[in-house]
1. Using a Förster distance of 30 angstrom, determine the FRET efficiency expected from the C-beta separation of Val53 and Glu382, and round it to 0.05.
2. Taking the 0 to 90 degree range and rounding to the nearest ten, how far is the long axis of helix 412-475 tilted relative to the main principal axis of the chain, both from C-alpha atoms?
3. Please work out how much length the chain gains when fully extended from Glu409 to Phe187, using 0.36 nm per residue of separation minus the C-alpha to C-alpha distance, in nm with one decimal.
4. Can you sort Asp252, Asp119 so the residue with the fewest Cβ neighbours within 10 Å comes first?
5. Consider a paramagnetic label point 7 Å from the Cα of Ile424 along Cα→Cβ; state which residues of segment 20-55 have an amide N under 20 Å from it.
6. Which shape class, rounded, prolate or oblate, goes with segment 276-315 when its Cα gyration tensor gives a ≥ b ≥ c as root eigenvalues, a/c under 1.5 marks rounded, and past that a/b bigger than b/c marks prolate?
7. Give me the lysines in straight-line cross-link reach of Lys50: C-alpha distance below 19 Å, same-chain residues under 8 apart excluded.
8. Pairs to check: Lys45/Lys368; Lys85/Lys368; Lys86/Lys282; Lys45/Lys447. Give those whose C-alpha atoms are more than 26 Å from each other in this structure.
Amino acid sequence: MSDLLGAALGITNGLTDSAEPPVNALLDAYRRTQAKPIDDLNARKSTLEKNQVYFNSLRSSLESLTDVLADFSSSNISLDSFGSKKASSSDTSVVTASAEAGAFSGLTTIKVNRLATNDILVSDRLNATDASGYAAGTFSFDLTIGATTRTIDVTFDGTEDFQTALAAIADAVNAEDDLDVSAGVVFDTSSTVRLSLATSTEGAENRIEFTDTDSVLSPLGLDAALFADANNRTAFDDTSAGYRTSDSDELDASFQLNGINIARSTNVIDDVVEGLTFTLRKAQDAGDAAITITSETDPDGVRNNLNPLLEKYNNLLEVLNNPEGDTGRDVALRSLRSSIRQAASSELTSGTFKYLSDIGITFDTDGKLRLSDLSALEDAVEQDAQAVADLVSAFSDNINSRLGSLLGEDGLITARKDSISVQIRNIDRRVDTLEKRVDIQAEALRKQYESYQLIYSQAQAQFSLISSFSANSTLA
């Protein structure tokens, strides 16, 4: 009898298989019987946390899409997005070309007769070590490049030879940061020097002229007579001052566009054919054939412009197609998925192109949009780029109108996230309450168990005493 009671209470040594105190094993067993409500709550919390992550992902996808939709809305959309053109040259060593949206599609010919060049003015040849003759002091001259005139101040100490005097003049010119000219001292022989002025921009409109107020330039052979006739300026030679190009008009580029003679002050021509820019790279010989420029729709450019819209739409659909937690049961989300797919497949305009499929945009098997027919898009843009823009903006506006109730402080996403947060907090409180209740009950059971142990110990002691009396009586 005592052995059975001891086994039940775990008092005697060697009666349990585990080294753990029997009371702990009994209490662990009790806790396991009470664990299901807590486990159910934690499982629900895990589902809610998955829902929370999902709605964060959904919000991010929605915000990314709405940002792109704004760019394609009817109030912001640009024809440039759908009128992308490209231009190619039959000889890029002579001329290259680029096209903007809206440029005409077709052929243009260019014959490059002369490139635009910068203007260069050179002084007389001077012996480097000869005394310059400049007195000590600060002297000025006005330097004009095109429509810009600057007063150049040069300081001499009266001891300069021509090498140091020219260096002082060059330094003073180069100190004018906003004047498109640079000056330098050139040793044309081992003992002679010349001052060189060169413009950084091409064309006759940027030619060099000057007013020698304090006779700084005249000792160098530079005076106004050199450019008295802009079309017959004095050209420099090996010893005398002058310009590299006698006729300032020849500083301009000269070319024939479709047989029409044209001159420009730059080699980058963007004001002759609307939407086309030509860069002249090399002059041709008189007998050379004209270069052909081909301007045409750039389907890759249009596709690249459309890709952000399709990508963000598909990203949102990917999120809606793959719910987390139990968000798949959310009626509003199922409705949203159906709604945006309907918007993409519905008639969007009454114009030339009514459906996205009219411009080569179709559905994949998973409902995502793909530009599956690039030639259809190219043909549509070529036919009516504005109608393509209208169709895409109608699609953008249609989708945007269906997303309006989802974002913002009063939107569906915020409401769902707030509700989830409240539910998680409530579950945490309930779990905490249940765990405390189990702890209290377990502690009560521990005390009850310990009281049984005490009773058993007392009973065992009495039993042992009675047994010893009985044994002694028998011996007597």
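Read-outs: derived from the displayed coordinates by stated rules, not from any lab. All values derive from a computational prediction rather than experimental measurement. Backbone-built Cβ (ideal geometry, glycine too); neighbour counts: all protein chains shown.
1. Values: r = 46 Å, r/R0 = 1.54.
Result of the calculation: an efficiency of 0.05.
2. 30
3. Numbers: separation 222, 0.36 × 222 = 79.92 nm, distance 7.52 nm.
Separation in residues times 0.36 nm, less the Cα-Cα distance, equals 72.4 nm.
4. On the way: Asp252 22, Asp119 25.
So the residues, fewest neighbours to most, are Asp252, Asp119.
5. Hits in segment 20-55 for Ile424 at 20 Å: 38-55.
6. On the way: a/c = 7.06, a/b = 4.25, b/c = 1.66.
Verdict is prolate for segment 276-315.
7. Excluding near neighbours in sequence, the set is Lys417.
8. Numbers: Lys45/Lys368 33 Å; Lys85/Lys368 28 Å; Lys86/Lys282 22 Å; Lys45/Lys447 34 Å.
Violating the 26 Å limit, Cα to Cα: Lys45/Lys368; Lys85/Lys368; Lys45/Lys447.
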